[in-house]
Amino acid sequence: MALEEQDMSEANGGALSGVRVVDLTQFVLGPYATQTLGDLGADVIKIEEPSGDRQRSGKAPNSKTMGPLFVALNRNKRSVVLDLKTDPGRAALAKLVKTADIFIHNMRPEAIARLGFDYAAVKAIKPDIIYVEAMGYAPEGPYAGRQAFDDLIQAASGAFGLAALVNPGAPLRPVPSIIADKTCGLFAVIAALAALRHKERTGEGQYVAVPMLETFTGYIMAEHLYGETYVPATGKFGHTTTITPYRKPLETKDGWLMVMPANRAQAARFMELGGLPGAYESDRFVNAEGAQGKVAVYNAMLEEAAATRTTAEWMALCAENSIPVMEARQARDILEDPQLTQTLFEERQLEGQGTYRAMKPGLRFEKTPATIRREPPELGADTEAVLAEIEALS
């Protein structure tokens, strides 16, 4: 970001400018949530133990404390090192809580209670605090109190079995993303913003729980309850359009294309451009047996049409003919995507580490831009400054 752009962002502030977040999170869920709050303008104070966030380790050019996952999840934060096992550390955190709007953690309830910062204790320090606690399982259920990590939540939620809805022989395995943590992190942000709105209207803070299993299961199964939505069931479990085996990219002369005709006319035009004019009037389609037979023939014709041109040719032709398509590619290919290289990826300087690739906030605001105002902090980089601030306020 150019210096003048950075100055403008600081002047405008984000939508949450003036909101202070005390962040006691680690791993992925919490840091993803608090980074999002920071992107929106909040002053996020990341509290770290002397050994630092566990995600700090990893392959980094010149440091053992700025690993790739830490860098990806901790921009727009200030790092404060406090040893909460000591009286001075707890006293400093209590002073910081007095200046905060949101307190967020993803520690186990007994662990945060031992430190003296469960909801009752924090509310006693700051009565209008918004206290966000991420946990594995809702406290009223039989799993309450169990440890939770992304793979465990994916396992319990049914995410491991999503592939088997398409291919009944597919083995149980997680979605290859830390998707439960990140999804629940976004719900933690939603919850915090809703609680802030309530506080604006009433002056009241509140306790907010973000149970991962319930939150994530509701997210991934919204469409898949499908035939089990009504009781008794009216059909099969699994959203038919989502799990059809035909939901896949088509091979072109030199790559892959995901084609999503929005109507019959668009599909017919795609097949015509691929050398199959009048596809819907063809003998093979008209004479196909039943609805399933016609679906099979239709998809076979799409495959045949796609194979007649290169991916680039199809992208241009479909744009001209208003047919929804996108090139399908391997995951790493996003680094060369012409849209993303302009709108998402940005090379920035990380002091002591060199150049790193940041992914800018995706949200766009006319009045209150979401920006990268602070690079991911070195361990304890802001301890002195933040402690001086709260001393001045006390």
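Over all distinct Cα-Cα pairs of region 100-185, the Kirkwood formula returns a hydrodynamic radius of 15.1 Å.
Going by alpha carbons, how many degrees (0 to 90, nearest 10) lie between the helix axis of 264-273 and the longest principal axis of the chain? So the inclination is approximately 70 degrees.
Full extension of the segment from residue 342 to residue 366, taken as 0.36 nm per residue of separation minus the current Cα-Cα distance, would add 6.8 nm. Placing one identical point scatterer on every Cα of region 265-394 and ignoring solvent, what is log10 I(q)/I(0) from the Debye formula at q = 0.09, 0.13, 0.14, 0.19 Å⁻¹? Those come out to -0.55, -0.78, -0.84, -1.11, one per q. Along the chain, counting only GluC sites (Glu not before Pro) with a DSSP assignment other than H, G, I, E or B and at most 13 other Cβ atoms inside a 10 Å radius, the longest segment between sites is 1-139. Shape of region 126-233 from the C-alpha gyration tensor: prolate (a/c of 1.5 or more and a/b above b/c, with a ≥ b ≥ c the square roots of its eigenvalues). DSSP finds beta bridges in the chain, and of those with both partners inside it, around 35 percent are antiparallel. Computed from Cα atoms, the angle from the helix 179-202 axis to the main principal axis of the chain rounds to 60 degrees. In straight-distance terms, cross-link reach from residue 46 covers every one of the lysines whose alpha-carbon lies under 19 Å from its own, apart from those fewer than eight places away in the same chain; here that gives 64, 77, 85, 95, 98, 126, 182.
Of the trypsin sites (Lys or Arg not before Pro) found in region 99-149, the ones in coil according to DSSP and having at most 14 other Cβ atoms within 10 Å of their Cβ are 146. Springs between alpha-carbon atoms under 10 Å, Gaussian network over the chain: tell me which of 208, 175, 295 tops the mean-square fluctuations. Of the options given, 295 has the highest mean-square fluctuation. The ranking of 367, 95 from fewest to most other beta carbons within 10 Å of each one's beta carbon is 367, 95.
Here region 88-136 is treated as a sphere whose radius is the Kirkwood value from Cα pairs; by Stokes-Einstein at 4 °C and 1.567 mPa s it diffuses with a coefficient of 119 µm²/s. Taking chymotrypsin sites (Phe, Trp or Tyr not before Pro) across region 128-230, the ones in a DSSP loop with at most 12 further Cβ atoms lying within 10 angstrom of their Cβ are 230. With semi-axes defined as the square roots of five times the eigenvalues of the C-alpha gyration tensor, the equivalent ellipsoid of region 218-342 measures 28, 24, 11 Å, largest first. Using the Cβ of residue 304 as centre and a radius below 11 Å, the other residues enclosed give a net charge of -1, where K and R count +1 and D and E count -1. Relative contact order, whole percent, for the chain stands at 20, derived from Cα pairs under 8 Å and 6 or more residues apart.
The slack between residue 166 and residue 333, meaning 0.36 nm per residue of separation minus the straight C-alpha distance, is 57.6 nm.
One quarter of the surface of the convex hull around the alpha-carbon atoms of region 47-94 equals 3.7 nm², the direction-averaged projected area. In plain terms, the residue of 301, 326, 66 with the fewest other Cβ atoms within 10 Å comes first and the most crowded comes last, giving 326, 301, 66.
A straight chain from residue 294 to residue 258 at 0.36 nm per residue would run longer than the Cα-Cα distance by 10.9 nm.
Using Cα-Cα distances under 8 Å and only pairs 6 or more residues apart, what relative contact order does region 256-367 have, in percent?
Once normalised by length, the contact order is 27 percent.
A straight line joining the Cα centroids of region 94-119 and region 258-279 runs 58 Å. Entry note: region 259-315 has Rg to Rh equal to 0.97, where both radii use alpha-carbon atoms and Rh is the Kirkwood radius. Largest GNM mean-square fluctuation across 55, 26, 330, computed for the chain with C-alpha springs under 10 Å, falls on 330. Estimated from helices alone, the mean residue ellipticity of the chain at 222 nm is -11500 deg cm²/dmol (sum of -39500 (n - 2.57) over DSSP H runs with n ≥ 4, per residue). For the chain, the C-alpha radius of gyration divided by 2.2 N^0.38 Å, with N the number of residues, is 1.20. Within the listed set 305, 148, 265, the residue fluctuating most in the Gaussian network model of the chain (springs between alpha-carbon atoms under 10 angstrom) is 265.
Values in this text are rule-based calculations from the coordinates and carry no lab data. Owing to the predicted nature of the structure, the values given are computational and were not obtained by experimental measurement. Neighbour counts are summed over all protein chains in view; Cβ atoms, including those assigned to glycine, are modelled from backbone coordinates with ideal geometry.
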